[in-house]
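Scroll down for the structure; my scribbles are underneath it.
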Amino acid sequence: MAYQWTKTDAAAPERVLLIGLDCGDYDAEASMAELERLTDTAGGLVVGHTVQKRPAPEGATYIGSGLVESLAEFCRQNEVDLTVADGSLTPVQARNLERALGTAVIDRTALILDIFAARARSSEGKLQVELAQLQYRLPRLLGMGRALSRQGGSGVGMRGPGEKKLEIDRRRIRRRIFELQQELDEIEKQRALRRVKRGKNAVPVVALVGYTNAGKSTLLNALTGADIPANNRLFDTLDTTTRLLTVSDTLDVVISDTVGFIRKLPHQLIDAFKATLEELEYADLLLHVIDISNPEWI
């Protein structure tokens, strides 16, 4: 169950089935299209997707039992390795789907966390991602099935801390969460000192905000001459990047590139990246970057 970038040979990427629900509360097709882009960003190959109209998720299997049966046959015929649900799965739902479909099963949150784990470069970013993953896994220790035994770094949803099933217990994870929170609190104190220094020097701060892949890094590169990677991928930039821009002989500003928005952003990420997001509170200007080629830009 490995992605091609985690292997040294030329093995093919994991074959992925996407499943979603249309409960009438949001644009299900648009959300599924985004899920496909997320899967592509993670390195998976989408071989099929389906959206079922239901008033609410089915308690045992997320989607209806009839659809589960037909998808099990599809998975066998198309050698599907992984099934990704567009919504949030309970441990029971994930376990039942694994058994019925014969594939590994994760949800949208686990996929996003996996991408963040692959993108984090700075020590702070890695701490934030590990905290988010552990907060996500803690209530799911029971009932996760064989997915919990997958080793970290060996497939979608399992990058990052990477614990084996028999090595995990709630007390250890809670202790590690506490340690990570302490480390991030210390980083926040250091950031606060830097903000005070910037304030004394009267250097205005401009924060770039916007949807993921809208072009924030490209704009930062164009304005400051920075050489930040700006690829056409969701969440290509994770760690906050700051550059100095000389506007005139009498004015310098600090421009900060932040993590992008996305539909259904996992709450664990909001909590874990609180210190980074708080930077926006202290910016003198929020510059909202919008991709006008997106049909939903308004």
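Quick notes
- Full-stretch length increase - Asn232, Asp291 - with 0.36 nm per residue and alpha-carbon distance subtracted: 20.0 nm
- Here the peptides 123-135, 106-118, 247-259 are ranked by packing, the mean other Cβ count within 10 Å, and the order with the highest first is 106-118, 123-135, 247-259.
- Were the residues from Glu281 through Thr218 laid out at 0.36 nm apart, the gain over their Cα-Cα distance would be 20.4 nm.
- Three-way shape call for segment 19-138 based on the alpha-carbon gyration tensor, with the a/c threshold at 1.5: prolate
- The slack between Arg194 and Ser123, meaning 0.36 nm per residue of separation minus the straight C-alpha distance, is 23.8 nm.
- Between Gln182 and Glu29, the simple spin-label model (points 7 angstrom out along Cα→Cβ) gives 5.3 nm.
Computed from the coordinates by the stated procedures, all read-outs in this text should not be read as laboratory data. Please read these numbers as outputs of a predicted model, since none were measured by experiment. Methodologically, a virtual Cβ is constructed for each residue, glycine included, from the backbone with ideal geometry; neighbour enumeration extends over all protein chains shown.
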